[in-house]
1. Across segment 120-153, what is the number of residues that are assigned to a loop (DSSP other than H, G, I, E, B), in contact with a strand residue (DSSP E or B) (Cβ under 8 Å, 6 or more places away or on another chain) and either surrounded by 11 or more Cβ atoms within 10 Å (Cβ to Cβ) or charged (D, E, K, R) (or both)?
2. Considering only segment 95-105, state which residues are surrounded by 13 or more Cβ atoms within 10 Å (Cβ to Cβ) and not aromatic (Phe, Trp, Tyr).
3. Starting from segment 108-122, take each residue that is in contact (Cβ under 8 Å) with a residue 24 or more places away in the chain and under 20 Å from residue 96 (Cα atoms) and list its partners that are surrounded by fewer than 19 Cβ atoms within 10 Å (Cβ to Cβ) and of a type in the set (S, T, N, Q), counting only C-beta distances under 6 angstrom and pairs at least six apart or across chains.
4. Please give the strands (runs of 3 or more DSSP E) falling wholly within segment 1-119 in which 1 or more residues are closer than 27 Å to residue 132 by Cβ and at pLDDT 95 or above.
5. Could you go through segment 75-84 and let me know if any residue there is in contact with a Ser or Thr (Cβ under 8 Å, 6 or more places away or on another chain), surrounded by 17 or more Cβ atoms within 10 Å (Cβ to Cβ), hydroxyl-bearing (Ser, Thr, Tyr) and touching a residue at least 60 places away in the same chain (Cβ under 8 Å).
6. Please go through (1) touching a residue at least 60 places away in the same chain (Cβ under 8 Å); (2) farther than 18 Å from residue 29 by Cβ; (3) surrounded by 16 or more Cβ atoms within 10 Å (Cβ to Cβ) for residue 48 and return the number of the only condition it doesn't satisfy.
7. Consider residue 69 carefully, then state whether it is hydroxyl-bearing (Ser, Thr, Tyr) and under 29 Å from residue 149 (Cβ atoms).
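The values are calculated or read from the model by the stated rules, or taken from the named source; none is laboratory data. In this text, all values refer to a predicted model and were calculated from it rather than measured experimentally. A quick note on method: Cβ atoms are made from the backbone with ideal geometry, for glycine too, and the neighbour counts reach across all protein chains shown.
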Amino acid sequence: MEAVQLALGGLDEIDTVGADSNPVETDITCNAHWVLPAIQEILDANPMLTFTAGDVYAACEVGAATLWTTADGFVVTTGETDAFTGQRTMLLWLAWAKKRGMNLVAQHQDFFVAQAREQGYINIETRSAVPELREYFLEQGWKIDTIVYTRDV
């Protein structure tokens, strides 16, 4: 599972809780009509990602990933285990919002930190190739751990 990407969309059929509410763990099957096209938006905007919307759907179906929704969008989380220490990190794998500029990261950051703690994770992580997010994340208390540069050979 490679990256978290914030994408934008214009779907109006999001059947979830109100915008003021915390994200809710949601069954992807019941929300595939709007989640899968939004995932495809992310993939279309980030051709370096190698997974498909179907891969995300399958990961949620088997419990390897979790879909969290609000009236404003969704986040898909998964866990990663350090091969050397065994410590677990909650990865905010994918994020999608109906509209830019709503500060959804800041609005729900404490919720995801609490979820990570409750589930025994020691870190919370997100990844993105979107350069505009760098300063925003740093202002929200995140730190840069690793920057990955890739070159075709």
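1. Applying the first criterion (assigned to a loop (DSSP other than H, G, I, E, B)) to segment 120-153 yields 120-122, 127-132, 140-153.
Adding the requirement that they be in contact with a strand residue (DSSP E or B) (Cβ under 8 Å, 6 or more places away or on another chain) leaves 120-122, 127-128, 130, 142, 145.
Add one more test, that the residue is either surrounded by 11 or more Cβ atoms within 10 Å (Cβ to Cβ) or charged (D, E, K, R) (or both), and what stays is 121-122, 127-128, 130, 142, 145.
The qualifying residues number 7.
2. Here is the first cut: in segment 95-105, the ones surrounded by 13 or more Cβ atoms within 10 Å (Cβ to Cβ) are 95-98, 102, 104-105.
Within segment 95-105, 95, 97, 98, 102, 104, 105 qualify.
3. Pairs found: 111/22.
4. Values: elements: 6-8, 24-26, 65-70, 73-81, 88-97.
Fully inside segment 1-119 and qualifying: 65-70, 73-81, 88-97.
5. Checking segment 75-84: at least one residue is in contact with a Ser or Thr (Cβ under 8 Å, 6 or more places away or on another chain), surrounded by 17 or more Cβ atoms within 10 Å (Cβ to Cβ), hydroxyl-bearing (Ser, Thr, Tyr) and touching a residue at least 60 places away in the same chain (Cβ under 8 Å).
6. (3)
7. No.
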